[in-house]
Amino acid sequence: MGQQDRATSVLEDLVGYYNEQRRHQETEEIPAARWDGALQRGQGRLRQMPEIVDLALLFTVQYERLVHSDGKVRFLGRTWPVSAPAGSRVTVCWRPQNALVILWNDRKVGAYAL
């Protein structure tokens, strides 16, 4: 076992101890139990995400656009065909210099490489 492997093992043990066994000095609760209790009471700040969510979309610049009667969305001075009904509001998820994904009701209705 190399030094990095040993260090990783020690760190995992320490984190596990502080999160799952040791009582916090101020709250006098075990952090993992406190976290789980908050989630059960609906007090957690993080919300569970559906498994089908593309995490890469979280790190995009997002704009709302309207699908025009020709079935296209205007963005970046161009038109982009989408498979959403005319008049629908869609979300354009833009990764500058990389890709463009268009969502309607959380479904991908267009994807383009830039």
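Filtering region 90-114 to residues that are part of a strand (DSSP E or B) and either of a type in the set (S, T, N, Q) or closer than 12 Å to Gln62 by Cβ (or both) leaves Val90, Thr91, Val92, Cys93, Trp94, Arg95, Leu100, Val101, Ile102, Leu103.
When region 54-75 is limited to residues that are part of a loop (DSSP other than H, G, I, E, B) and either small (Gly, Ala, Ser) or modelled with pLDDT under 95 (or both), the one that is farthest from Leu114 (Cα to Cα) turns out to be Ser69. All of Arg89, Arg34 fail the test of being assigned by TED's automatic domain parsing to the domain that holds Val109 and of a type in the set (Lys, Arg), apart from Arg89. Among residues of region 70-114 being farther than 21 Å from Asp54 by Cα and of a type in the set (Gly, Ala, Ser), the one that is surrounded by the fewest Cβ atoms within 10 Å (Cβ to Cβ) is Gly77.
The values are calculated or read from the model by the stated rules, or taken from the named source; none is laboratory data. Just so it is clear, the model here is predicted, and its values are computed rather than measured. Counting neighbours? That spans all protein chains shown, and the Cβs are built from the backbone with ideal geometry, glycine included.
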